[in-house]
Amino acid sequence: MKRWTLAAVLAILATVPLWVSGTFYVNIASQILLYAIFALGVNVLAGYAGLVSLGHAGLFGIAAYTAAKILGAGGGHVTVAAAALATTVVVSAAFAVLALRGTGLGFVMITVALGQIVWGVAYRWIGLTNGDNGISIVARPSPFGLALATPRSFYWATFVVFLVAIASMAAFVGSPFGAAVRGTRDQPRRMTALGYNVWMIRFVAFLFSGFWSGVAGLLYLYYNQFVSPQAVALTASAEALLMVISGGTGTLLGPIVGAALVVVIKNVASAYIERWNFVLGAIFVGIVVFMPEGLVPGTVRVWRRGRGR
Amino acid sequence: MAEGARTVTALAVRGLQKAFGGLRVTSDVDLSVAPGERRLIIGQNGAGKTTLFNLITGELKPDRGTIHLFERDITRVPSRRRAHLGIARTYQIITLFPRDTLLRNVALALLGLTSLRWNPFVRLERQTALLARAREVLAQVALDHLADRPLAQTSYGERRRVEIAMALAQNPRVLLLDEPFAGLSIEERQDVRALVKGIPRDVTIVMIEHDMDTALDFAERITVLHFGEVVVEGTRAEVAAHPRTKEIYFAD
C-alpha cells in the first residue's frame, strides 16, 4: 500500500506543469519540492537519529551564499554546485563536531547558536555577504545546457533532484546503516554495547542531512536568484522543523507533505489573509492536538480505524 | 604475553575502584574468572554489582584498577571495542528496540560486529544470511515463532529472553547477565534457567542475581559483594557456610 501511495504521489508531482495553469502555481510547486528536499534532509536527524536541529537554515544558507558568491565571480555551473555542496558538507562537519557534544536539549541549543552565527555573518559581514541587502545573481545558470529560465523547466529540473533525494532517503532508511542510525535514536547505550560507534554514526547522519540541506539551498538560490539573511534566520530553521513534525517525523512521505502544507499556506493564504501566520499557527495546533504523530502517520491511523481494523 | 606458568583467566579484575562524588560504589574489587566458568555475583541492593558490570563493559571508567580479558588489558579500551573483543551483556532494565520486530532486534545485534553496519546502499531485508542467523539465535531462546512480531507486542518474560538473545547474537567469549530472572514468574524462571544452562561451555558466564536461591544451582563459584567490596568468594558450600554471608543475608 505504501508503495502505491508513493507511486501515486510521484506521478501527480511529475505532471504538475501539464495540468496546472499559470506560472504562479508551477512556481509554488517548485518551491514545495525544494523545501521538501530541505525537510527530508532535516528529517534524517530529527526523525531517524532523534537529534532535533534548529540550525539547518544555516547550512541551507551557506550553500546558497557560496553559490551566489562563486556565480558572481564568474564560476561555471559545475564549479558552483560542487563548491557550494562541498562547503556545506565541511561546515556540516564542523557543526556536527560541536553539536554532538550534547544530545536532546543540549543538541538543540548548540544548533541554534551555530545557526545564529551563520545568520550574524550574513547580516553583519557586509563585505562578504552584502548584509541585509543580500546577493542577487544575474540569471539562473544552465547546467549542462539545460535552460532553467522558465518556470516549467525549473520545475522539472527540481523534480529530478527531488527524485534523487527521495531515492537516497529510501536507500538510507532501508539499509543496515539506516537501521543503525535509528538504533542510536532508540537505545544509544545498547548500541555501544553491541559494538556500534554511536558518535560516528550520528556524525555521518549529520553530514548526510547537511548535504541535502545544501542541495535545497542551492535550488533556493537558483529559484529566487537572490539570497538574504532571511534565508538563514532562526525562523527558517524552525519552519523546516515544523514541516517535518507536521508531516510526520521519521517517515519518508511526511516531510514532503509538511513542506507542501507550509509552502501552500504561505503563498496562497497570504494572498487572502494578511495574518497568514495565524492560519499556519492554527493549523499546527490542530495537527498537534488531533494527529500528534504528524499528518501522514495520523491519516494512516484514521484510515485504518475507518476500515474497522 | 603472560608468563607460561600462569593459568589463563577469561576475566580478571584487579583493584577496581569507582566513586560517584563522595560515594564509593566499588572499592578495591578483585575478581578472577576462569574460561568456561559459571560465576554468580550476589549482594544486596547498592552492593555495586551493576556498577561492576558497567566497569567491565566500559560504560563507566574506573578511578583505579585494571580489567583484563583473556590476559589482554582492556582497561582503556572503549566500550564498543570491548564488544568486538568478545564481551556481551544483558541489562537488568530491559534495553531493547520497542518499535522493531524481534528479528530486527537480534539482527541489529548481529550487525554490530560486521562492517555491514556502515553500508547505506544495500537493503537490510535482503541480507538473507544475516536474517537467517538472527532466526537461529531466536530459536536458541525459543522465540523464533515470534520473530516478526514487534517487540512492543511481546510479554515481559519474552523480552527477558530477547535480552539474552541479543547478547548471544554477539557470539561472546564472556557473557555478563544482569539479573536475568528479575520480574519473572516461577515458570518463566525455569525457562530462562534452562536456556542459560544450555549455553555452550566456550562462553564464560558471569551472572548477577539479587536473590541467592534462584541461581544457586547455576553457579560454580560465588562472589558476595557488600558495599562495593568482595567479602566472600568460593564454592557454593564455602560461601553458604561463611559467617560473613550469614551476617549480610540474615543479620536483620
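Some points to look at:
- Just so you know, in segment B:83-103 the residues that are surrounded by fewer than 23 Cβ atoms within 10 Å (Cβ to Cβ) and not in a loop (DSSP other than H, G, I, E, B) include one that is nearest to the other protein chains (Cβ to nearest Cβ), and it is B:His84.
- Listed by first and then second residue, the pairs with beta-carbon distance under 6 Å, at least 6 apart or on different chains, first residue in segment B:70-84 and in the same structural domain as B:Gly36 (by TED's automatic domain parsing), second in a strand (DSSP E or B) and hydrophobic (A, V, I, L, M, F, W, C), are B:Ile74/B:Ile67; B:Thr75/B:Ile67.
- Screening segment B:110-132 for residues that are touching a residue at least 24 places away in the same chain (Cβ under 8 Å) and assigned to a helix (DSSP H, G or I) and picking the one that is farthest from B:Leu168 (Cα to Cα) gives B:Leu131.
- Segment A:202-230, subset surrounded by 21 or more Cβ atoms within 10 Å (Cβ to Cβ) and among the polar types (S, T, N, Q), residue farthest from A:Ile28 (Cα to Cα): A:Ser209
- Condition met for B:Gly65 (more than 14 Å from chain A (Cβ to nearest Cβ), under 18 Å from the mean Cα position of the chain (by Cα) and at pLDDT below 95): no
- Applying the criterion of at least 3 residues that are under 14 Å from the mean Cα position of the chain (by Cα) to the strands (runs of 3 or more DSSP E) found wholly in segment B:144-252 leaves B:174-178, B:204-208.
- Filtered by the rule that a residue be over 12 Å from the mean Cα position of the chain (by Cα) and closer than 19 Å to A:Trp119 by Cβ, segment A:201-230 gives A:Leu221, A:Asn224, A:Phe226, A:Val227, A:Ser228, A:Pro229, A:Gln230.
Let's see how each residue does on (1) more than 26 Å from B:Ala219 (Cα to Cα); (2) assigned by TED's automatic domain parsing to the domain that holds B:His210; (3) buried (at least 22 other Cβ atoms within 10 Å of the Cβ):
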| site | (1), (2), (3) |
| --- | --- |
| B:Arg24 | yes, yes, no |
| B:Leu31 | no, yes, no |
| B:Gly58 | no, yes, yes |
| B:Ile67 | no, yes, yes |
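- Some residue of segment B:42-63 being under 24 Å from B:Val231 (Cβ atoms) and free of Cβ contacts under 8 Å to residues at least 12 places away in the same chain: yes
- Given (1) in a helix (DSSP H, G or I); (2) more than 23 Å from A:Val198 (Cα to Cα), number of the condition A:Tyr48 does not satisfy: (2)
- Where A:Pro188 falls short, out of the listed (1) surrounded by fewer than 24 Cβ atoms within 10 Å (Cβ to Cβ); (2) more than 7 Å from chain B (Cβ to nearest Cβ); (3) under 23 Å from the mean Cα position of the chain (by Cα): (3)
- Among the residues of segment B:120-130, those identified as within 11 Å of another protein chain (Cβ to nearest Cβ) and of a type outside the set (S, T, N, Q) are B:Pro120, B:Phe121, B:Val122, B:Arg123, B:Leu124, B:Glu125, B:Arg126, B:Leu130.
- Residue in segment B:108-117 that is at the interface with chain A (Cβ under 10 Å from one of its Cβ atoms), more than 30 Å from B:Ile42 (Cβ to Cβ), in contact with a Pro (Cβ under 8 Å, 6 or more places away or on another chain) and not aliphatic (A, V, I, L, M) present: yes
- The residues on offer are B:Ala167, B:Ala194, and the sole one that is in contact with a helix residue (DSSP H, G or I) (Cβ under 8 Å, 6 or more places away or on another chain) and not assigned by TED's automatic domain parsing to the domain that holds B:Glu37 is B:Ala167.
- The residues of segment B:161-179 that are among the charged types (D, E, K, R) and surrounded by fewer than 19 Cβ atoms within 10 Å (Cβ to Cβ) amount to a single one, B:Arg173.
- Residues in segment B:39-49 include none that are in a loop (DSSP other than H, G, I, E, B), at pLDDT 90 or above, within 16 Å of B:Thr223 (Cα to Cα) and under 14 Å from the mean Cα position of the chain (by Cα).
- Any chance A:Phe177 is in a helix (DSSP H, G or I) and more than 10 Å from chain B (Cβ to nearest Cβ): no
Yes or no, residue by residue, for (1) in contact with a Ser or Thr (Cβ under 6 Å, 6 or more places away or on another chain); (2) among the polar types (S, T, N, Q); (3) more than 23 Å from A:Ala49 (Cβ to Cβ):
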residue: A:Ser246; (1), (2), (3): no, yes, no
residue: A:Gly250; (1), (2), (3): no, no, no
residue: A:Ile256; (1), (2), (3): no, no, no
residue: A:Ala271; (1), (2), (3): no, no, yes
residue: A:Trp276; (1), (2), (3): yes, no, yes
residue: A:Val285; (1), (2), (3): no, no, yes
residue: A:Met291; (1), (2), (3): no, no, no
residue: A:Val300; (1), (2), (3): no, no, no
residue: A:Arg304; (1), (2), (3): no, no, yes
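- For segment A:11-36, the set of residues classified as surrounded by 15 or more Cβ atoms within 10 Å (Cβ to Cβ) and either touching a Gly at 6+ places or on another chain (Cβ under 6 Å) or of a type in the set (Phe, Trp, Tyr) (or both) consists of A:Tyr25, A:Tyr35, listed by residue number.
- Filter result for the condition that a residue is hydrophobic (A, V, I, L, M, F, W, C), surrounded by 14 or more Cβ atoms within 10 Å (Cβ to Cβ), in the same structural domain as B:Leu31 (by TED's automatic domain parsing) and in contact (Cβ under 8 Å) with a residue 24 or more places away in the chain, over B:Ala107, B:Ala142, B:Ala182: B:Ala182
- Restricting B:Glu158, B:Glu187 to those that are surrounded by fewer than 22 Cβ atoms within 10 Å (Cβ to Cβ), among the acidic types (Asp, Glu) and farther than 25 Å from B:Gly43 by Cα reduces the list to B:Glu158.
- In segment B:145-155, the residues that are within 14 Å of chain A (Cβ to nearest Cβ), among the aliphatic types (A, V, I, L, M) and surrounded by 14 or more Cβ atoms within 10 Å (Cβ to Cβ): B:Leu151
The values are calculated or read from the model by the stated rules, or taken from the named source; none is laboratory data. Every value quoted in this text rests on a predicted model; they were computed, and no experiment measured them. Positions of Cβ are generated from backbone atoms using ideal geometry, with glycine treated the same way; all protein chains shown enter the neighbour counts.
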